[in-house]
Amino acid sequence: MVTQGNSEPTFRFRKVCEILDRNGNDPTRLIPVLHEVQREYRYLPREILTYVATALGLSPAKVYGVASFYSHFTLKPKGKYILKVCDGTACHVKNSSGLNEVLQKELGLSDRHTTTDDMLFTLETVSCLGACGLAPVLLINEEVHGQVTPQRAKELLWAIMEGEGVR
């Protein structure tokens, strides 16, 4: 257990300890543990993966392998709001690239720089969200927005920014 002078786990690991305890420190529960850790931290930090491996009696390579294999897991920090622009065939035909362009411009992002510096937004392009009848689709965290125009994408973004006090 990582400690900080007074034998208490550092704050960063306290939540991980709670997650591990809830899962009985059971190595067969690695995937549920990683899901909970990612929900808590919004990504899987390398030092936490190493800590989880040690706590579950697994090799760090095995834990990293699982974390990097499944597309649901991310090893990079993500913003509080994850914007997913569908670029499946139906969405692409209905100008999903226009949504992506306007969101990148509004947030100062690019294909290589996908998370805002304030960690408020992450913009991702995904292959399919399974809502082709609503094309083009924008997913904001778990909320589906269908038939989104570039102007509507900006309005949704601005509403979030206003709610966060950044606009």
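Long-range amide H contacts for Tyr81: which residues qualify at under 5 Å (H placed 1.01 Å from N, peptide plane, sequence gap of 5 or more or a different chain)?
Amide H neighbours of Tyr81, under 5 Å, 5+ apart: Phe121, Thr122.
For the chain, how many pairs of lysine residues have a Cα-Cα distance under 28 Å, where the two are 8 or more positions apart or belong to different chains?
22
What fraction of the Cα pairs in region 1-157, stated in percent, has a spacing above 20 angstrom? Each step should come with its number before you reach the end.
Values: 6914 of 12246 pairs.
Looking at region 1-157, the distances longer than 20 Å represent 56 percent of pairs.
At a 4.7 angstrom Cβ threshold, list every cysteine in the chain that has nobody to pair with, or say none.
Flagged as lacking a Cys partner: Cys17, Cys128, Cys132.
Taking loop as defined by DSSP and a crowding limit of 15 other beta carbons within 10 Å, which chymotrypsin sites (Phe, Trp or Tyr not before Pro) in region 12-83 fit?
Numbers: sites: Phe13, Tyr41, Tyr43, Tyr51, Tyr64, Phe69, Tyr70, Phe73, Tyr81; in loops: Tyr43, Tyr70, Phe73.
Of the chymotrypsin sites (Phe, Trp or Tyr not before Pro), the ones in loops of region 12-83 whose Cβ has at most 15 other Cβ atoms within 10 Å are Tyr70.
Rule-based calculations on the coordinates, nothing more; no lab input. Just so you know, these numbers come straight off a predicted model, no measurement behind them. No Cβ is skipped: glycine too gets one built from the backbone with ideal geometry, and neighbour counts run over all protein chains shown.
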